[in-house]
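Chemist: I have a structure here, written as structure tokens, and I will follow up with some questions on it.
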Amino acid sequence: MSDLKIAFIALGAPVTQGSKNAFPIYRGSAKDGSRVFTGKVALTDTAAGLKEWRKTMTAAARQERDRLEALGNWTQLSGPVRVCVTFCVPAPKRIPAERLGWPCTKPDVDKYARAVLDSLTDALVWGDDGQVVRLEATKLYGSLPVPGVLVEVFTLTAMEQAEALRAAQAVAVAYLT
């Protein structure tokens, strides 16, 4: 299977990343009528606490990367990688029986994952999160004693890359027929 390269836990209530607010940038003054749109827009994240959560994950990833580097077991990842993330979110006081204990409500697990991937880029685990070709994300209630995320990053083996190519070819054949 895949070769585990780095794994760590970041503690704290996970925060999503994804939705942004856009604000037009103007120059000049509205008072004297010289206000002109510059053609540029400022983007800000809408999630409260995202900056702190990203710092927490980046610090945890850097700490583990530095530990591995001191042991001589680290080089920045290049090529395709697989990422497994398990989010432990705070449980509500009462969980409806139809959910079977799963947090199948907002926020979306993929928005949690975006924050992790960008934090790993900030921690120099890889050059760019575009290297992630397989992402497994799970959202659970309290499998850790406190909220947080378990992050595991693997390099893909030649066999896994070949399997992915065969799957892509099968999709192409199905589409073309």
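Chemist: Go through GLY101, GLY79 for me and flag whichever is small (Gly, Ala, Ser), more than 19 Å from VAL146 (Cα to Cα) and part of a loop (DSSP other than H, G, I, E, B). Before the answer, list the steps.
Modeler: Details: GLY101 fails: more than 19 Å from VAL146 (Cα to Cα).
Testing whether each residue is small (Gly, Ala, Ser), more than 19 Å from VAL146 (Cα to Cα) and part of a loop (DSSP other than H, G, I, E, B) leaves just GLY79.
Chemist: What about ALA60, is it modelled with pLDDT of 85 or more and either part of a strand (DSSP E or B) or touching a Phe, Trp or Tyr at 6+ places or on another chain (Cβ under 7 Å) (or both)?
Modeler: yes
Chemist: So which residues in segment 126-177 are part of a loop (DSSP other than H, G, I, E, B), free of Cβ contacts under 8 Å to residues at least 40 places away in the same chain and among the hydroxyl-bearing types (Ser, Thr, Tyr), if there are any at all?
Modeler: THR177
Chemist: Somewhere in segment 109-125, is a residue loosely packed, with under 13 Cβ neighbours inside 10 Å, not in a helix (DSSP H, G or I) and not aromatic (Phe, Trp, Tyr)?
Modeler: Scanning segment 109-125 turns up no residue that is loosely packed, with under 13 Cβ neighbours inside 10 Å, not in a helix (DSSP H, G or I) and not aromatic (Phe, Trp, Tyr).
Chemist: Just give me the residues in segment 83-95 being surrounded by fewer than 20 Cβ atoms within 10 Å (Cβ to Cβ) and either under 20 Å from ASP122 (Cα atoms) or acidic (Asp, Glu) (or both), in sequence order.
Modeler: CYS84, THR86
Chemist: On the given criteria, is LYS31 at pLDDT 80 or above and either of a type in the set (D, E, K, R) or more than 20 Å from VAL132 (Cα to Cα) (or both)?
Modeler: For LYS31, the condition - at pLDDT 80 or above and either of a type in the set (D, E, K, R) or more than 20 Å from VAL132 (Cα to Cα) (or both) - is not met.
The values are calculated or read from the model by the stated rules, or taken from the named source; none is laboratory data. Values in this document were obtained by computation on a predicted structure and should not be read as measured data. No Cβ is skipped: glycine too gets one built from the backbone with ideal geometry, and neighbour counts run over all protein chains shown.
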